[in-house]
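Heads up, the thing below is written out as structure tokens.
The values are calculated or read from the model by the stated rules, or taken from the named source; none is laboratory data. Given the structure is predicted, the values throughout are model-derived calculations rather than measurements. Here the Cβ is made from the backbone with ideal geometry for all residues, glycine too, and neighbour counts use every protein chain on show.
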Amino acid sequence: MSAELLQVNGLKKHFPVRAGILSSVVGQVLAVDDISFTIEHGQTMGLVGESGCGKTTTGRCILRLIEPTAGSVEFEGEDILRATPARMRELRKEVQIVFQDPYASLNPRMTIGAIVSEPFYVHNIGRKKERVEMAGYWLEKVGLGADSLNRYPHEFSGGQRQRIGIARAITLNPKLVICDEPVSALDVSIQAQVINLLMDLQGDTGMAYLLISHDLSVIQHMCQNVGVMYLGKMAEIGPATTIYSNPVHPYTEALLSATPEPDPSSKSKRIRLKGDVPSAIDPPSGCVFHTRCPISVQDCSRVVPKLTQRSPGHFVACLVR
């Protein structure tokens, strides 16, 4: 079996901008613009970056909840983007998603038992009694009792709802789960519980995660590899230990410098970037980061940097470094 579970190559997603009476296309939002990465079996890959950099769009393109504009997404050697609707339905048993908002991702009119057992009905797995038993089993696995089956989402806290969302995602024993900011809407104490739950489930089942987050401490705690995105492009990608101990791209440095230090005596220097994130409708020429980069040179505004290897598995898109 190949070590690579998922391989994303040259993924792009451009949203058309329409205007006028005829809704003519007048531009494109370059939400994801030519990114590539791989995820190995049982590993966790993290995607970080500022809001609007394309992290969530990337995750949804992998599942084809949004149809990509170009590129390929190979799951165990099969290109998901070429799969027929019937085949895609089968593949979704292997690739699932945990959404960011635990309040919006659960149907308020369905019981918890109906929500968690819904994948069994969709894929025609088991009989009614077996489906209920399996739903109760997975609720137990995520720390909620089987007595939750007949209750409704409004009866649960945000952390409990996210556990329900996780249970729904893993009922079919997927090989890959896309976690789209799974703890950002939760209190800090509850965040730790959900993070530990995800790690325990990974240890029990061997599934892989694509963890999308803007919380660098969560990424560091959970991930073996990290990709840093800026304005739809990959700025730096590599092993988490390398990225955190020796960041090369100036954007990565700035992100890491903004991470709060638990030690009040720490004298780490905060790198403050100038200006705002440019519009994805009209991104800067050359390196998209050059308008805010503290070390940019003249070539940065003309030449698009390519990801080049700086150490084993560590790639950086920067002309200066």
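Annotations for the structure displayed:
- Residue that is farthest from Lys175 (Cα to Cα) [pool: residues in segment 54-84 that are in contact with a Cys (Cβ under 9 Å, 6 or more places away or on another chain) and in a strand (DSSP E or B)]: Gly71
- Extreme residue, nearest to Ile243 (Cα to Cα), among residues of segment 36-48 that are touching a residue at least 40 places away in the same chain (Cβ under 8 Å) and out of contact with any helix residue (DSSP H, G or I) (no Cβ under 6 Å at 6 or more places or on another chain): Met45
- Residues that are charged (D, E, K, R) and in a loop (DSSP other than H, G, I, E, B) within segment 126-142 comprise just one, Arg127.
- Some residue of segment 85-99 being part of a strand (DSSP E or B) and among the aromatic types (Phe, Trp, Tyr): no
- Test: residue in segment 203-217 that is within 24 Å of Gln309 (Cα to Cα), within 16 Å of the chain's Cα centre (by Cα) and not in a strand (DSSP E or B): yes
- Members of segment 271-321 found to be crowded, with 18+ Cβ neighbours inside 10 Å and at positive phi, listed by number: Gly286
- Checked against (1) farther than 30 Å from Pro283 by Cα; (2) part of a loop (DSSP other than H, G, I, E, B); (3) not charged (D, E, K, R), Ser51 passes all but a single condition, namely (1).
- Search result, residues across segment 143-167 that are part of a helix (DSSP H, G or I), out of contact with any strand residue (DSSP E or B) (no Cβ under 8 Å at 6 or more places or on another chain) and not acidic (Asp, Glu): Ala146, Ser148, Pro153, His154, Gly158, Gly159, Gln160, Arg161, Arg163, Ile164, Ala167
- Any hit, segment 15-34, residues being under 23 Å from Gln96 (Cβ atoms), modelled with pLDDT under 95 and not hydrophobic (A, V, I, L, M, F, W, C): no
- Which listed residue, of Ile115, Ile39, is aliphatic (A, V, I, L, M) and either under 17 Å from Met207 (Cβ atoms) or part of a strand (DSSP E or B) (or both): Ile39
- Test: residue in segment 174-186 that is surrounded by fewer than 23 Cβ atoms within 10 Å (Cβ to Cβ) and free of Cβ contacts under 8 Å to residues at least 40 places away in the same chain: no
- The selection criterion, being surrounded by fewer than 20 Cβ atoms within 10 Å (Cβ to Cβ) and within 14 Å of the chain's Cα centre (by Cα), does not hold for Glu78.
- None of Gly126, Gly71 is more than 17 Å from Leu201 (Cβ to Cβ) and touching an Asp or Glu at 6+ places or on another chain (Cβ under 8 Å) except Gly71.
- The residues of segment 50-71 that are more than 17 Å from the chain's Cα centre (by Cα) and either surrounded by fewer than 17 Cβ atoms within 10 Å (Cβ to Cβ) or among the aromatic types (Phe, Trp, Tyr) (or both) amount to a single one, Ala70.
- Among the residues of segment 16-53, those that are closer than 26 Å to Lys175 by Cα and among the aliphatic types (A, V, I, L, M) comprise Val32, Ile35, Ile39, Met45, Leu47, Val48.
- In segment 141-155, the residues that are of a type in the set (S, T, N, Q) form no Cβ pair under 7 Å with any partner that is loosely packed, with under 10 Cβ neighbours inside 10 Å and assigned to a loop (DSSP other than H, G, I, E, B), whether six or more places apart or across chains.
- Only one of the listed residues (Asp282, Asp299) is modelled with pLDDT of 90 or more and over 16 Å from Met234 (Cβ atoms). That residue is Asp299.
- Only residues that are modelled with pLDDT under 90 and either of a type in the set (Ser, Thr, Tyr) or surrounded by fewer than 19 Cβ atoms within 10 Å (Cβ to Cβ) (or both) were counted in segment 187-198, giving 6.
- Filtering segment 1-43 to residues that are among the charged types (D, E, K, R), surrounded by fewer than 21 Cβ atoms within 10 Å (Cβ to Cβ) and under 16 Å from Leu81 (Cα atoms) leaves Lys12, Asp34.
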